[in-house]
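Encoded as structure tokens, the structure appears first; notes follow it.
The values are calculated or read from the model by the stated rules, or taken from the named source; none is laboratory data. Everything numeric here is computed off the predicted structure, so don't read it as measured data. Cβ: placed from backbone, ideal geometry, glycine included. Neighbour counts: every protein chain shown.
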Amino acid sequence: MSTRGGKVDDRLIKAIGHPLRHRALVVLSEGVASPKAVAERLGEPLGRVSHHVRVLAELGAIELVRTEPRRGAVEHFYRAVIQPWFDDEAWSRLPLATRRAVFGQPLQRLIGDVSAAARGAGFDHGQAHVSYTVLELDETGMTEMAELLRETLERALVLGGEARERLGSERAPLRTELGIVHFEPVGDDAGGD
């Protein structure tokens, strides 16, 4: 997991390891939102999402950006201050059941978004990329691949930040998605030809 300026402590790893908190953090990493907006986006009850948003705020994973009066109440708006992904060290400290649960949401979203893009114009841009490669690695190769993918993701986040600065508030961004998946296949086709 990446943070702005420091190591992640065990409390934060445990908090983000909860699948709903992780999903909420993903939404808040994409932009400022209220618990109500997060609940609507995730299709979860507002009370449940509000609880998890409070936990994320208490642990410093998100920060309050502004408040707005709404029908006699005050709506709070938050943004993420950490990225919703885990580095190898933090990932290895999560229980296996938590790792599997946390993987589900981004994989479902990735599969859905890729399918929709393929049915529409999502891959029409000249710089769009799709590749699939089966590799045979040893443990050293697996470690080196994990490092390469971590570096690639970190560089992609830097490029996104630089683009936001160039765009400012006057121009609309070219919204893209990057999905990186590296895994051991399971089942009859494991190992491939």
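Figures for the structure shown
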item: Close pairs (8 angstrom Cβ cut-off, 6 or more residues apart or separate chains): in contact (Cβ under 8 Å) with a residue 12 or more places away in the chain in region 104-132, assigned to a helix (DSSP H, G or I) and among the aliphatic types (A, V, I, L, M) anywhere; result: 105/26; 106/26
item: Evaluation of residue 15 against (1) modelled with pLDDT of 90 or more; (2) assigned to a helix (DSSP H, G or I) (one fails), failing number; result: (1)
item: Test: residue 133 is over 25 Å from residue 90 (Cβ atoms), of a type in the set (S, T, N, Q) and at pLDDT 90 or above; result: yes
item: Given (1) out of contact with any Pro (no Cβ under 7 Å at 6 or more places or on another chain); (2) closer than 28 Å to residue 82 by Cβ; (3) assigned to a helix (DSSP H, G or I); (4) not assigned by TED's automatic domain parsing to the domain that holds residue 85, number of the condition residue 163 does not satisfy; result: (1)
item: So residue 163, is it at pLDDT 90 or above and either polar (S, T, N, Q) or surrounded by 11 or more Cβ atoms within 10 Å (Cβ to Cβ) (or both); result: no
item: Residues located in region 78-110, provided they are at pLDDT 85 or above and surrounded by 17 or more Cβ atoms within 10 Å (Cβ to Cβ); result: 78, 80, 81
item: Residue match in region 43-51 (condition: more than 16 Å from residue 21 (Cα to Cα) and either touching a helix residue (DSSP H, G or I) at 6+ places or on another chain (Cβ under 8 Å) or among the aromatic types (Phe, Trp, Tyr) (or both)); result: no
item: Checklist (1) at pLDDT 90 or above; (2) surrounded by 15 or more Cβ atoms within 10 Å (Cβ to Cβ); (3) in contact with a strand residue (DSSP E or B) (Cβ under 8 Å, 6 or more places away or on another chain) applied to residue 117, failing item; result: (3)
item: The one condition in (1) loosely packed, with under 10 Cβ neighbours inside 10 Å; (2) modelled with pLDDT of 90 or more that residue 175 fails to fulfil; result: (2)
item: In region 58-75, residue farthest from the chain's Cα centre (by Cα) [restricted to those that are among the small types (Gly, Ala, Ser) and closer than 17 Å to residue 22 by Cβ]; result: 60
item: First in region 54-66 and over 14 Å from residue 13 (Cα atoms), second anywhere and hydrophobic (A, V, I, L, M, F, W, C) and at pLDDT 95 or above, Cβ under 6 Å, 6 or more apart; result: 65/77; 66/77
item: Near pairs, Cβ below 7 angstrom, 6+ apart or cross-chain, from region 28-41 (closer than 13 Å to residue 52 by Cβ) to any residue that is polar (S, T, N, Q); result: 35/50
